[in-house]
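A quick write-up on the structure given underneath.
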Amino acid sequence: MNHPLLAQFLLHIGDSQLILSHRLSEWCGHAPDLEIDIALANIGLDLLGQARTALSLAGELEGLGRDEDKLAYFRTEREYRNLLLCEQPNGDFAQTIVRQWLMDHYHVLLFTALAKSSQAELAAFAAKSLKEVKYHLRFSTAWMERLSLGTDEAHEKTQTGLNQLWRFSDELFVLNADEQILVEQQVLMDLEPLKAEWLEQTTAEIERFKLTLPETGAYRSGGRQGLHTEHLGYVLAEMQYLQRSYPNMNW
(Lines give C-alpha, C1' and ligand atoms only; values in the text may rest on other atoms or scores of the structure.)
Protein backbone atom coordinates (compact mmCIF):
# COMPACT_ATOMS: atom_id res chain seq x y z
CA MET A 1 0.00 0.00 0.00
CA ASN A 2 1.37 3.38 -1.00
CA HIS A 3 1.81 5.93 1.75
CA PRO A 4 3.92 8.81 0.35
CA LEU A 5 3.79 10.94 3.50
CA LEU A 6 5.17 8.17 5.70
CA ALA A 7 7.70 7.33 2.98
CA GLN A 8 9.12 10.85 3.16
CA PHE A 9 9.43 10.65 6.94
CA LEU A 10 11.24 7.32 6.65
CA LEU A 11 13.60 8.83 4.07
CA HIS A 12 14.52 11.44 6.67
CA ILE A 13 15.21 8.73 9.27
CA GLY A 14 17.08 6.48 6.85
CA ASP A 15 19.19 9.29 5.43
CA SER A 16 20.23 10.48 8.89
CA GLN A 17 21.26 6.98 9.96
CA LEU A 18 23.11 6.34 6.70
CA ILE A 19 25.16 9.54 6.79
CA LEU A 20 26.01 9.19 10.48
CA SER A 21 27.02 5.57 9.85
CA HIS A 22 29.33 6.68 7.05
CA ARG A 23 30.93 9.29 9.29
CA LEU A 24 31.66 6.65 11.94
CA SER A 25 33.10 4.31 9.29
CA GLU A 26 35.73 6.95 8.58
CA TRP A 27 37.30 6.11 11.95
CA CYS A 28 38.11 2.53 10.90
CA GLY A 29 41.86 2.15 11.34
CA HIS A 30 42.20 5.67 12.75
CA ALA A 31 40.58 5.55 16.21
CA PRO A 32 42.71 6.16 19.34
CA ASP A 33 42.96 2.43 20.11
CA LEU A 34 41.71 -0.89 18.78
CA GLU A 35 38.83 -1.25 21.26
CA ILE A 36 37.39 2.15 20.31
CA ASP A 37 37.98 1.41 16.62
CA ILE A 38 35.85 -1.73 16.89
CA ALA A 39 33.20 -0.03 19.04
CA LEU A 40 32.71 2.84 16.58
CA ALA A 41 32.58 0.40 13.69
CA ASN A 42 29.92 -1.67 15.45
CA ILE A 43 27.82 1.41 16.19
CA GLY A 44 28.18 2.41 12.55
CA LEU A 45 26.97 -1.03 11.48
CA ASP A 46 23.94 -0.74 13.77
CA LEU A 47 23.09 2.60 12.18
CA LEU A 48 23.64 1.16 8.69
CA GLY A 49 21.21 -1.64 9.48
CA GLN A 50 18.66 0.92 10.66
CA ALA A 51 19.21 2.93 7.48
CA ARG A 52 18.65 -0.13 5.30
CA THR A 53 15.38 -0.96 7.05
CA ALA A 54 14.08 2.62 6.90
CA LEU A 55 15.06 3.12 3.24
CA SER A 56 13.65 -0.25 2.18
CA LEU A 57 10.34 0.52 3.89
CA ALA A 58 10.33 4.02 2.38
CA GLY A 59 10.83 2.53 -1.08
CA GLU A 60 7.90 0.18 -0.59
CA LEU A 61 5.60 2.92 0.69
CA GLU A 62 6.40 5.52 -1.97
CA GLY A 63 5.56 3.07 -4.78
CA LEU A 64 8.15 4.34 -7.27
CA GLY A 65 10.08 1.12 -7.66
CA ARG A 66 13.15 2.30 -5.75
CA ASP A 67 14.88 -0.07 -3.33
CA GLU A 68 17.38 0.81 -0.59
CA ASP A 69 20.31 0.88 -3.03
CA LYS A 70 18.57 3.18 -5.49
CA LEU A 71 17.65 5.54 -2.67
CA ALA A 72 21.13 5.51 -1.15
CA TYR A 73 23.26 5.75 -4.29
CA PHE A 74 21.22 7.57 -6.91
CA ARG A 75 19.82 10.62 -5.16
CA THR A 76 21.53 13.98 -5.20
CA GLU A 77 22.55 16.15 -2.27
CA ARG A 78 19.36 18.22 -2.54
CA GLU A 79 17.26 15.04 -2.40
CA TYR A 80 18.79 13.86 0.87
CA ARG A 81 16.77 14.61 4.02
CA ASN A 82 19.26 13.88 6.82
CA LEU A 83 19.78 16.09 9.83
CA LEU A 84 22.63 18.58 9.45
CA LEU A 85 24.21 17.31 12.66
CA CYS A 86 24.86 13.89 11.07
CA GLU A 87 26.92 15.24 8.19
CA GLN A 88 29.32 17.35 10.25
CA PRO A 89 32.96 16.21 9.99
CA ASN A 90 34.45 13.92 12.62
CA GLY A 91 37.05 16.45 13.72
CA ASP A 92 39.00 14.98 16.60
CA PHE A 93 37.82 12.06 18.75
CA ALA A 94 36.16 14.39 21.27
CA GLN A 95 34.09 16.09 18.57
CA THR A 96 32.96 12.72 17.22
CA ILE A 97 31.88 11.65 20.70
CA VAL A 98 29.96 14.91 21.26
CA ARG A 99 28.13 14.47 17.94
CA GLN A 100 27.30 10.86 18.78
CA TRP A 101 26.15 11.75 22.29
CA LEU A 102 23.79 14.43 21.00
CA MET A 103 22.39 12.05 18.39
CA ASP A 104 22.10 9.14 20.84
CA HIS A 105 19.92 11.16 23.22
CA TYR A 106 17.78 12.07 20.20
CA HIS A 107 17.59 8.48 18.99
CA VAL A 108 16.43 7.04 22.32
CA LEU A 109 13.56 9.52 22.55
CA LEU A 110 12.72 9.21 18.85
CA PHE A 111 12.52 5.43 18.71
CA THR A 112 10.68 5.24 22.04
CA ALA A 113 7.97 7.40 20.48
CA LEU A 114 7.95 5.63 17.10
CA ALA A 115 7.57 2.24 18.80
CA LYS A 116 4.04 3.39 19.71
CA SER A 117 3.07 3.97 16.08
CA SER A 118 -0.14 2.42 14.75
CA GLN A 119 1.84 1.42 11.64
CA ALA A 120 3.03 -2.07 12.54
CA GLU A 121 6.21 -2.11 10.45
CA LEU A 122 7.32 1.29 11.71
CA ALA A 123 6.65 0.29 15.33
CA ALA A 124 8.60 -2.96 14.92
CA PHE A 125 11.53 -1.14 13.30
CA ALA A 126 11.59 1.40 16.13
CA ALA A 127 11.40 -1.24 18.87
CA LYS A 128 14.36 -3.14 17.42
CA SER A 129 16.38 0.05 16.90
CA LEU A 130 15.69 1.22 20.44
CA LYS A 131 17.62 -1.74 21.88
CA GLU A 132 20.64 -0.71 19.83
CA VAL A 133 20.58 3.03 20.47
CA LYS A 134 20.30 2.55 24.23
CA TYR A 135 23.69 0.85 24.09
CA HIS A 136 25.04 3.65 21.88
CA LEU A 137 23.97 6.20 24.49
CA ARG A 138 25.71 4.30 27.29
CA PHE A 139 28.90 4.24 25.22
CA SER A 140 28.89 7.93 24.25
CA THR A 141 27.89 9.08 27.75
CA ALA A 142 30.74 7.10 29.31
CA TRP A 143 33.21 8.72 26.94
CA MET A 144 31.75 12.20 27.44
CA GLU A 145 32.37 11.72 31.16
CA ARG A 146 35.92 10.43 30.68
CA LEU A 147 36.89 13.22 28.33
CA SER A 148 35.19 16.16 30.03
CA LEU A 149 36.34 15.17 33.53
CA GLY A 150 39.77 13.99 32.42
CA THR A 151 42.74 16.10 31.46
CA ASP A 152 42.52 19.82 30.78
CA GLU A 153 43.23 19.19 27.10
CA ALA A 154 40.47 16.56 26.81
CA HIS A 155 38.02 18.87 28.60
CA GLU A 156 38.87 21.75 26.28
CA LYS A 157 38.44 19.63 23.15
CA THR A 158 35.11 18.31 24.38
CA GLN A 159 33.89 21.84 25.06
CA THR A 160 35.09 22.95 21.62
CA GLY A 161 33.20 20.10 19.98
CA LEU A 162 30.05 21.01 21.90
CA ASN A 163 30.39 24.66 20.88
CA GLN A 164 30.76 23.71 17.22
CA LEU A 165 27.89 21.22 17.07
CA TRP A 166 25.22 22.66 19.35
CA ARG A 167 23.97 25.04 16.64
CA PHE A 168 22.81 22.05 14.56
CA SER A 169 20.51 20.71 17.29
CA ASP A 170 17.53 22.98 16.66
CA GLU A 171 16.00 20.85 13.89
CA LEU A 172 15.79 17.72 16.04
CA PHE A 173 12.17 16.64 16.56
CA VAL A 174 10.77 19.32 14.20
CA LEU A 175 7.81 18.06 12.14
CA ASN A 176 6.72 19.58 8.84
CA ALA A 177 3.11 20.04 7.72
CA ASP A 178 2.91 16.61 6.07
CA GLU A 179 4.23 14.92 9.19
CA GLN A 180 1.67 16.73 11.30
CA ILE A 181 -0.93 14.95 9.18
CA LEU A 182 0.67 11.65 10.18
CA VAL A 183 0.34 12.72 13.82
CA GLU A 184 -3.37 13.43 13.30
CA GLN A 185 -3.72 9.98 11.70
CA GLN A 186 -1.92 8.49 14.74
CA VAL A 187 0.74 7.00 12.50
CA LEU A 188 3.31 9.12 14.35
CA MET A 189 3.44 10.37 17.90
CA ASP A 190 3.85 14.13 18.18
CA LEU A 191 7.63 14.39 18.39
CA GLU A 192 7.97 18.13 18.94
CA PRO A 193 7.33 18.02 22.74
CA LEU A 194 10.29 15.64 22.99
CA LYS A 195 12.65 18.53 22.24
CA ALA A 196 12.12 19.89 25.76
CA GLU A 197 12.87 16.45 27.24
CA TRP A 198 16.00 16.16 25.10
CA LEU A 199 17.14 19.61 26.20
CA GLU A 200 16.53 18.80 29.86
CA GLN A 201 18.53 15.57 29.64
CA THR A 202 21.48 17.01 27.75
CA THR A 203 21.79 20.19 29.81
CA ALA A 204 21.73 18.18 33.05
CA GLU A 205 24.58 16.03 31.80
CA ILE A 206 26.49 19.03 30.47
CA GLU A 207 26.40 20.44 34.00
CA ARG A 208 27.51 17.09 35.44
CA PHE A 209 30.40 17.00 32.98
CA LYS A 210 31.42 20.52 34.11
CA LEU A 211 31.00 21.81 30.57
CA THR A 212 29.40 25.09 29.58
CA LEU A 213 26.13 25.12 27.67
CA PRO A 214 26.72 26.99 24.38
CA GLU A 215 24.81 30.20 23.87
CA THR A 216 21.50 29.78 22.08
CA GLY A 217 20.90 31.47 18.77
CA ALA A 218 22.48 31.30 15.30
CA TYR A 219 21.05 27.82 14.86
CA ARG A 220 21.45 26.07 11.50
CA SER A 221 18.65 24.02 9.97
CA GLY A 222 17.33 22.99 6.57
CA GLY A 223 18.69 19.46 6.15
CA ARG A 224 15.19 18.02 6.01
CA GLN A 225 14.39 20.38 3.14
CA GLY A 226 17.53 19.38 1.22
CA LEU A 227 19.49 22.48 2.28
CA HIS A 228 22.76 21.04 3.53
CA THR A 229 26.16 22.25 4.62
CA GLU A 230 29.08 21.96 2.23
CA HIS A 231 30.13 18.68 3.87
CA LEU A 232 27.37 16.39 2.58
CA GLY A 233 28.46 16.63 -1.05
CA TYR A 234 31.88 15.20 -0.22
CA VAL A 235 30.31 12.34 1.76
CA LEU A 236 28.01 11.41 -1.13
CA ALA A 237 30.80 11.71 -3.70
CA GLU A 238 32.76 9.08 -1.80
CA MET A 239 29.82 6.87 -0.87
CA GLN A 240 28.13 6.87 -4.29
CA TYR A 241 31.18 6.75 -6.56
CA LEU A 242 31.25 3.03 -7.36
CA GLN A 243 27.53 2.61 -8.07
CA ARG A 244 27.42 5.76 -10.17
CA SER A 245 30.50 4.62 -12.14
CA TYR A 246 29.19 1.05 -12.60
CA PRO A 247 25.39 1.22 -12.21
CA ASN A 248 23.56 -1.90 -11.07
CA MET A 249 26.77 -3.72 -10.20
CA ASN A 250 26.20 -6.94 -8.28
CA TRP A 251 28.76 -8.21 -5.76
key: Between segment 84-105 and segment 145-169, the alpha-carbon center distance in angstrom   = 11
message = Could you tell me the calculated FRET efficiency between Tyr246 and Ala218, based on Cβ-Cβ distance and R0 = 41 angstrom, to the nearest 0.05?
response = 0.45
query = With labels modelled as points extended 7 Å from the Cα through the Cβ direction, what inter-label distance (nm, one decimal) is found for Thr203 paired with Gln186?
reply = 3.4
query = Hey, which lysines would be in cross-link range of Lys128, C-alpha to C-alpha under 26 Å, not counting anything within fewer than 8 residues on its own chain?
reply = Lys70, Lys116, Lys195
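Using a 1.4 Å probe over the heavy atoms of the protein chains, calculate the carbon and sulfur portion of the accessible area of segment 1-143 as a whole percent.
Details: 3100 of 5450 Å².
Looking at segment 1-143 in its full context, I get 57 percent from C and S.
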task = Take every Cα-Cα distance within segment 208-251, group them into 10 Å bins from 0 onward, and report for each bin the whole-number percent of pairs it holds.
result = 19, 27, 25, 17, 11, 1
ask   = Computed over the Cα atoms, what is the radius of gyration of the chain divided by 2.2 N^0.38 Å, N being its residue count?
value = 0.99
Solvent-accessible area per residue, Å², over the chain with all protein chains present [probe radius 1.4 Å] = 48
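I'd like the trypsin sites (Lys or Arg not before Pro) in segment 214-251 restricted to DSSP loop residues with at most 16 other Cβ atoms within 10 Å, sorted by number.
Numbers: sites: Arg220, Arg224, Arg244; in loops: Arg220.
Here the sparse-neighbourhood loop sites are Arg220.
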key: segment 164-220: C-alpha gyration tensor shape, a/c 1.5 cut-off, then a/b vs b/c   = oblate
request  = Excluding residues on the same chain fewer than 8 positions from Lys210, give the aspartates and glutamates whose Cα lies under 19 Å from its Cα.
outcome  = Glu145, Asp152, Glu153, Glu156, Glu200
task = Starting from the Cα gyration tensor of segment 66-112, take the square roots of the eigenvalues, sort them a ≥ b ≥ c, and report rounded, prolate or oblate (rounded when a/c is under 1.5, otherwise prolate if a/b is larger than b/c, else oblate).
result = oblate
request  = Could you sort 96-107, 165-176, 143-154 so that the peptide with the highest average Cβ count within 10 Å comes first and the rest follow in order?
outcome  = 96-107, 165-176, 143-154
request  = Give, in nm to one decimal, the length gained when the segment between Ala127 and Tyr73 is fully stretched (0.36 nm per residue of separation minus the Cα-Cα distance).
outcome  = 16.7 nm
task = Report the residue, chosen from Leu162, Leu64, Leu194, that carries the largest GNM mean-square fluctuation when the chain is represented by alpha-carbon nodes joined by springs under 10 Å.
result = Leu64
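What value, in deg cm²/dmol to 500, does the helix sum -39500 (n - 2.57) over DSSP H runs of n ≥ 4 give at 222 nm once divided by the residues of the chain?
Numbers: 10 runs with 164 residues, N = 251.
Value at 222 nm, helices only, nearest 500: -22000 deg cm²/dmol.
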task = Quick one: among Lys157, Lys131, Lys195, which has the greatest mean-square fluctuation in a GNM of the chain with alpha-carbon springs under 10 angstrom?
result = Lys131
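The values are calculated or read from the model by the stated rules, or taken from the named source; none is laboratory data. Every value quoted in this text rests on a predicted model; they were computed, and no experiment measured them. Heads up, the Cβs are rebuilt from the backbone with ideal geometry, glycines too, and the neighbour counts pull from every protein chain shown. Side chains are part of the model used for accessible areas, which takes the heavy atoms of the whole protein and leaves out ligands, DNA and RNA. Shrake-Rupley method; radii C 1.70, N 1.55, O 1.52, S 1.80 Å.
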